[in-house]
Every structure is written in structure tokens, then in C-alpha cells.
Amino acid sequence: TPNADAQMRMFNADGSESEMCGNGVRCVAKYVYDHGIAQKDVLQIETGAGVLSLEVQLAGGKVEQVRVDMGEPILEGKRIPTVLPGSRIVNHPLEDNPDAPKNAWWRECGLDPRMTLVSMGNPHMVLFCEDVARVPLEHVGPHFEHDPLFPRRINVHFVHVHRPGEVTMRTWERGSGITLACGTGASAVCVAGVLTD
């Protein structure tokens, strides 16, 4: 690609294409360097969310770690995208959505029923709670992912804050379901943590 050292396309488990994947793009950088496609300290990888810069750190001539510049978060509602009105969707009450699955699990996990939306090149909903293990993610994840508020679907993260600088998150990724890690999601959680009161 003329704009970058390599191009990445990201496909979810259901076959749908996502704009980008934070952990996936780091794997691409390792592959590109280790296979001699481009061997530079900083690689440019084109994604569906634009060209990202990735700094590689070597050990024994192979990539040991990769740091990615995720770029500026997108906070404007229509660019996330959501049909909710407003320039930023921060601390937005779930009660405004009559289809939200409000039941006993809200109390069981100590849910703060306000969402913050962030895009890191792909869309994320962040919700804070006291016990992420008690969130029935296999049931509520698909509900939020396919909510009509989100025309391109959405990734959902439930977050417990232990202390400043340390959280536990559980993730439902659109098109893939429950996953053990999400790089763009971790970035979105950090942004939401700063924005949320």
C-alpha cells in the first residue's frame, strides 16, 4: 500500500468486517517485521480506521513487544456512530432506552446504569459496576450489541475500578462474543474513566 508498510483487514468470528483491532494490529506489526516485509523501528499499518504507527522493540532480531499509537478517541455521537442525540454521550442513563434489559442483574453486579460511548476507530460502550463477574455477559452482550441505538453495532465493556490506574473489564465484542482481551476496548475504557464522574 502506498500509504503504509502493510495493510490489515479484520474479520470477526461471524464473518463481519471490523474497522480495526488493537491487539491484532500489533500482531500484524510483528509478522511484517519478523518476515522481512518491512524492518523499521516504527511501522505504518493501514487499517479500516486509518494508518497507525507501531513502534517495535526487538530481542534477538525478532519483535518482542509492539506499542501502537491508537490516535485520538472519537467522542462525537454521530461518528461513533449512535443515533442518540448530543455531541458526546457521557454518563447517559440506560433508562432513556426503553428496551434496556433492566432486571435483577443490575443490582447483583452493582451496575451504574449510565453509559459512556467512545470510538477508537471502532465503537465501544463502557459501563461501570462493582462486580464484573456477576454480569450475565452472554445475555446482555448481544442485547446491547444489536440495540437499534447503534447502527453499526457496538462493543460492550463492563468495568470495575479497583483504584486509580487499575480496573478489571469484561468484554463482549460485536461479531465475536465474549473475548479475553480487547486493545481498542482497553483504550476506550481509559478514555471513559477520565470522562465519567
Considering residues that are open to solvent by less than 100 Å² (accessible area, probe 1.4 Å) and assigned to a loop (DSSP other than H, G, I, E, B), the number found within the stretch 65-88 is 12
Return only the number of the condition from (1) surrounded by 13 or more Cβ atoms within 10 Å (Cβ to Cβ); (2) part of a loop (DSSP other than H, G, I, E, B) that G141 does not satisfy.
(2)
List, please: which pairs have Cβ atoms under 9 Å, are six or more places apart or on different chains, and start with a residue in the stretch 108-124 that is under 13 Å from E72 (Cα atoms) and end with one that is of a type in the set (K, R) and open to solvent by less than 20 Å² (accessible area, probe 1.4 Å)?
N122/R174
Need the failing condition index for V156 against (1) assigned to a loop (DSSP other than H, G, I, E, B); (2) open to solvent by less than 10 Å² (accessible area, probe 1.4 Å), just the number.
(1)
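Residue-wise test of (1) closer than 20 Å to V90 by Cβ; (2) under 17 Å from the mean Cα position of the chain (by Cα).
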residue: V118; (1), (2): yes, yes
residue: G121; (1), (2): yes, yes
residue: V126; (1), (2): yes, yes
residue: D131; (1), (2): no, no
residue: R134; (1), (2): no, no
residue: E138; (1), (2): no, no
residue: P142; (1), (2): no, yes
residue: F150; (1), (2): yes, yes
residue: I154; (1), (2): yes, yes
Filter pass, L43 being without any contact (Cβ under 8 Å) to a residue 40 or more places away in the chain, out of contact with any helix residue (DSSP H, G or I) (no Cβ under 6 Å at 6 or more places or on another chain) and not in a loop (DSSP other than H, G, I, E, B)
no
Could you look through the stretch 47-64, keep only residues that are touching a residue at least 12 places away in the same chain (Cβ under 8 Å) and polar (S, T, N, Q), and pick out the one that is least open to solvent (accessible area, probe 1.4 Å)?
T47
In the stretch 22-46, what residues are closer than 20 Å to H124 by Cβ, buried (at least 19 other Cβ atoms within 10 Å of the Cβ) and out of contact with any Cys (no Cβ under 8 Å at 6 or more places or on another chain)?
V25, R26
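The values are calculated or read from the model by the stated rules, or taken from the named source; none is laboratory data. All figures in this text were calculated on a predicted structure; none of them were measured in a lab. Glycine gets a Cβ as well: all are built from the backbone with ideal geometry, and neighbour counts include every protein chain shown. Please note that ligands, DNA and RNA were not included when accessible areas were found on the heavy atoms of the full protein model with its side chains. Shrake-Rupley method; radii C 1.70, N 1.55, O 1.52, S 1.80 Å.
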